[in-house]
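Pasting a structure below so you can have a look.
The values are calculated or read from the model by the stated rules, or taken from the named source; none is laboratory data. Computed from a predicted structure; not experimentally measured. Heads up, the Cβs are rebuilt from the backbone with ideal geometry, glycines too, and the neighbour counts pull from every protein chain shown. Surface accessibility is based on the protein's heavy atoms, side chains included, excluding ligands, DNA and RNA. Shrake-Rupley method; radii C 1.70, N 1.55, O 1.52, S 1.80 Å.
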Amino acid sequence: MHPGSAIGIFGGGQLGRMLAVAARVMGYRTISLGPAVDCPASQVTDFHIAAAYDDLGAAEELAERSDVVTYEFENVDAAAIERIAELKPVFPSPSVLRVCQDREIEKSTMRELGIGVPEFRVVRSVREAVEAVGEIGAPVVMKTTRWGYDGKGQSVVRDDGEAASAFDGLGGTEDAPVIVEGFVDFEMEVSVVCARNLDGEMRTFPVSENVHVEGILDTSIVPARCSDEMKAEAERVAMRIAEGLDVVGLIAVEMFVTRDGEVLVNELAPRPHNSGHYTIEGCETSQFEQLARIMLGMPMGDVGLRSPTVMVNLLGDVWEATDGSPDWAAVLGIERAHLHLYGKSGYRVGRKMGHITITGETAEEALAVAVAAREAAACA
Ligand code: AMP
């Protein structure tokens with residue numbers, strides 16, 4: 001499809017915004033759908049449909065106005081995405097979304113593909129939860145199977161006695177099962193964004209080393225500071241998943257690297273990923289441009305790293321610390337600092353409001369500058 005064609009984006013958040021920017025640069029049109037009139041995506045798309053995610057009429061309108069459609073977060077009603085897929089091509093397909101929406105299906109699918117995951121049990125009652133903690137051995141992490149994100153919908157259980165209250169606290173029932181997962185004493189968390197086109201050709205973006213704080217991504221460091229063998233293994237795992245799920249578009253794979261050098265998959269996201277934001281400045285082609293190219297049936301771009309790159313997230317905490325006025329001049333006064341703000345109207349502690357990317361001579365140097373840049377923003 002040639003420039004002028006329209007990409008539909010189901011979702012109004014920052015991932016939709018950055019996809020729209022990348023598509024626009026190449027001359028494509030974009031249409032977003034999300035509940036708010038003013039949202040990160042609507043500020044840059046050509047047309048925005050302000051409607052609830054379960055509004056099937058609005059989903060149909062998005063399909064009608066678009067040539068191809070994607071979704072920018074996975075906590076969406078699959079029914080709406082399936083309706084769109086009856087009308088226009090949706091990338092990745094709704095079947096990929098179904099796997100990634102449910103931790104039980106996700107983990108079982110990984111097992112079927114022969115991919116390592118932390119030890120887990122799916123439990124539907126307090127009794128089963130207590131038994132599972134006994135079998136796996138505390139500490140464990142208990143997670144809702146659906147609708148969790150950024151560490152929400154999970155709780156660390158340190159002894160058997162906490163299992164019952166954690167199960168209840170997560171809203172666990174017969175119909176809302178909970179995953180009990182062994183706590184992984186990891187050496188490092190990494191992620192790989194894998195791009196795959198309609199012909200099955202794949203390109204993996206460089207492995208990102210990720211640091212999470214309270215379940216939310218805080219920092220991404222590229223190249224990851226692990227061995228080349230570990231990086232190659234992480235890339236192999238991501239490609240195996242992309243192929244196994246028949247992904248057309250992007251799939252982000254979050255993994256734990258254990259102290260024994262094992263790679264275990266934690267979570268999948270069938271879309272651009274926060275840990276891939278570094279690709280905007282760090283790679284020849286960004287994750288967003290790559291998705292647009294794939295959706296439009298164009299050749300994929302080079303995913304090579306231009307230079308070591310570090311991204312730090314800007315959460316609402318930075319606004320909170322400065323009474324709503326972070327010192328952006330201090331950030332932009334730092335050479336090679338790239339500021340991204342998502343245009344969100346209200347800040348809240350823990351809310352992703354933007355990020356800063358720093359390119360450097362080495363990952364260590366870029367990391368030190370990135371941390372300093374964020375501190376400078378928060379010292380108003
Ligand atoms: P998730 O929402 O599953 O991606 O979890 C958010 C973060 O919590 C992860 O990136 C890890 O830092 C931590 N976490 C989740 N599951 C585990 C686990 N089984 N063992 C250790 N840490 C975990």
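Of (1) at pLDDT below 95; (2) more than 22 Å from the chain's Cα centre (by Cα), G346 satisfies all except one. Which?
(2)
To keep it simple, each residue is scored yes or no on (1) in contact with a Leu (Cβ under 6 Å, 6 or more places away or on another chain); (2) open to solvent by 10 Å² or more (accessible area, probe 1.4 Å); (3) over 18 Å from F73 (Cβ atoms); (4) not assigned by TED's automatic domain parsing to the domain that holds D199.
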{"residue": "F288", "(1), (2), (3), (4)": "yes, no, no, no"}
{"residue": "L296", "(1), (2), (3), (4)": "no, no, yes, no"}
{"residue": "V303", "(1), (2), (3), (4)": "no, yes, yes, no"}
{"residue": "D323", "(1), (2), (3), (4)": "no, yes, yes, no"}
{"residue": "P326", "(1), (2), (3), (4)": "no, yes, yes, no"}
{"residue": "I334", "(1), (2), (3), (4)": "no, yes, yes, no"}
{"residue": "S345", "(1), (2), (3), (4)": "no, yes, yes, no"}
{"residue": "T357", "(1), (2), (3), (4)": "no, no, yes, no"}
{"residue": "G360", "(1), (2), (3), (4)": "no, no, yes, no"}
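Can you name every one of the strands (runs of 3 or more DSSP E) wholly within region 245-323 that holds 1 or more residues which are touching a His at 6+ places or on another chain (Cβ under 7 Å) and either within 19 Å of L19 (Cβ to Cβ) or among the polar types (S, T, N, Q) (or both)?
249-258, 309-315
I've got another one for you. Which one of these does E254 not meet: (1) surrounded by 15 or more Cβ atoms within 10 Å (Cβ to Cβ); (2) over 24 Å from L367 (Cα atoms); (3) charged (D, E, K, R)?
(2)
Follow-up. What is the residue count in region 5-51 for residues that are in a loop (DSSP other than H, G, I, E, B) and open to solvent by 50 Å² or more (accessible area, probe 1.4 Å)?
The number of residues fulfilling the criteria is 6.
Could you tell me whether any residue of region 200-215 is free of Cβ contacts under 8 Å to residues at least 60 places away in the same chain, more than 26 Å from L305 (Cβ to Cβ) and within 15 Å of the ligand (Cβ to nearest atom)?
Looking through region 200-215, none of the residues is free of Cβ contacts under 8 Å to residues at least 60 places away in the same chain, more than 26 Å from L305 (Cβ to Cβ) and within 15 Å of the ligand (Cβ to nearest atom).
Next up: Which of the residues belonging to region 149-198 are loosely packed, with under 15 Cβ neighbours inside 10 Å, β-branched (V, I, T) and within 14 Å of the ligand (Cβ to nearest atom)?
V156 - this is the single residue of region 149-198 that is loosely packed, with under 15 Cβ neighbours inside 10 Å, β-branched (V, I, T) and within 14 Å of the ligand (Cβ to nearest atom).
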